[in-house]
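Structure in structure tokens, see below.
The values are calculated or read from the model by the stated rules, or taken from the named source; none is laboratory data. All values derive from a computational prediction rather than experimental measurement. Reconstructed Cβ throughout: ideal geometry from the backbone, glycine too, with neighbour counts over all protein chains shown. All accessible areas refer to the heavy atoms of the entire protein, side chains included, with ligands and DNA or RNA removed. Shrake-Rupley method; radii C 1.70, N 1.55, O 1.52, S 1.80 Å.
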Amino acid sequence: MKHFTIKAAIASLILSASFQSSAAITGTVKAWPYMESAGWKSADGYDFNKMHNALYQAEVIDNYPWTKQFLIRVRGGGSFYLADKQSKTVRHLKIEPASGFNSDLNSVYQGEDNGKGCFMAVVDGKALALSKAEDDILHSFPRVPNADQELVKAREQFKPEVVAVFPDNCVNKRQEAALNAKRSSDERALQQWAAKESLKELCRRTGNC
């Protein structure tokens, strides 16, 4: 119940898009056997095959050195799992989007405390549900009476909604700076390598070395 109490308290904060750090893909799950060999287990009692099928090449989201947990999303915009670093458990978030399609779900990471603490959250954007409702109103035959009013009601009904909130640590500025510095260094190295390889290819093709 604690998560849902917090969810209600910070819903307006998330939906006003005032979060400091939007969700970021920070890696992929190569395969469940690698996680399992590192000590991870299913919090839901899922067997090996179920976990392997669900998490093969899944997206790892907002896994930073300072966070207590991170999200894993089934490849192709599927459902979410929550990975707890302390217990090394992976829990399936059984969220039912209004449209029935997981592609309507998104996640956010509030990495700076704006008065409500720091947290990760899953939001149901309800885009597909709203699109269907609008289509039903605008293209029905016979025409829906008071269509404009019905559209207003539909847009109110299918507003984005926070469906799960997980309190977490705020951004560690020192660690963040170190990560950004390493990323910049890696990017520079990649750019230099690409430039060298491009010159080699140009030389091979033109003979102008």
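Please list Phe141, Phe70 from largest to smallest accessible area, probe radius 1.4 Å, with all protein chains kept in place.
Working: Phe141 200, Phe70 15 Å².
The residues order as Phe141, Phe70, largest area first.
How many nm is it between the label spots at Tyr34 and Lys50, if each spot is 7 Å from the Cα in line with the beta carbon?
So the two model labels end up 2.4 nm from each other.
Set the bar at 18 Å for Cα to Cα. Now go through Lys132/Lys153; Lys68/Lys159; Lys30/Lys173; Lys68/Lys88; Lys126/Lys159 and name every pair that lies beyond it.
Correct reply: Lys68/Lys159; Lys30/Lys173.
Note down the relative contact order for segment 19-70 as a percent, whole number, built from C-alpha pairs under 8 angstrom at least six residues apart.
With pairs under 8 Å counted, the relative contact order is 50 percent.
Next question, about the same structure. Measure off 7 Å from each Cα along the Cα-to-Cβ vector at Thr26 and Gln86, then give the distance between these two points in nanometres to one decimal.
1.7
Modelling each spin label as a point 7 Å along the Cα-to-Cβ direction, I'd like the Ser184/Val144 distance in nm, to one decimal.
Result for the modelled spin labels: 5.2 nm.
Evaluate E = 1/(1 + (r/R0)^6) for Val152 and Glu112, where r is the Cβ-Cβ distance and R0 equals 41 Å; express this FRET efficiency to the nearest 0.05.
0.75
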